[in-house]
Amino acid sequence: MFDRLSAYAPQALAVLRIVTALLFFLHGTQKLLGFPAAEFSPPTFSIFWFAGLIEIVTSILIAIGFFTRPAAFLASGTMAVAYWMVHAPGNLFPTNNGGDAAILFCFVFLYLVFAGPGAWSVNKK
């Protein structure tokens, strides 16, 4: 049975890519546009503002599968920096410091660097 599921791996990878990118997009729009509603709006050209800009731009590229690997590399690095600069100083454990999402985004995007976009991408092989 599991052998038959392997035939759908490129489509499953694409679903992972698209859903993750859409969630990442929301983090960026929350920072820069206040949507969905946010308690914090970073000052223009601050490090948090640039993080929001990176989140929006890379998420769009990743969602459509255009320059997926470089965009995912940049997004992964951004989330690594976010975890160590914002979350880890408060508490090392992600469940205590609110860094769960940053770690998950970091490693899913790192996986996409190596796996590529999967099916349904603009840069399809």
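The values are calculated or read from the model by the stated rules, or taken from the named source; none is laboratory data. Values in this document were obtained by computation on a predicted structure and should not be read as measured data. We place every Cβ from the backbone using ideal geometry, glycine too, and count neighbours over all the protein chains shown.
Taking helices (runs of 4 or more DSSP H) as the structural unit, those lying wholly within segment 29-113 and holding at least 1 residues that are crowded, with 18+ Cβ neighbours inside 10 Å and out of contact with any Leu (no Cβ under 8 Å at 6 or more places or on another chain) correspond to 47-64, 68-82. Taking first residues from segment 69-96 that are modelled with pLDDT of 95 or more and partners that are surrounded by fewer than 20 Cβ atoms within 10 Å (Cβ to Cβ) and among the small types (Gly, Ala, Ser), the Cβ contacts under 7 Å between residues at least 6 apart in sequence or on separate chains come to Arg69/Gly116; His87/Gly98. Gln11 versus (1) surrounded by 15 or more Cβ atoms within 10 Å (Cβ to Cβ); (2) in contact (Cβ under 8 Å) with a residue 40 or more places away in the chain: which is the lone unmet condition? If we test Gln11 against (1) surrounded by 15 or more Cβ atoms within 10 Å (Cβ to Cβ); (2) in contact (Cβ under 8 Å) with a residue 40 or more places away in the chain, just (1) comes out false.
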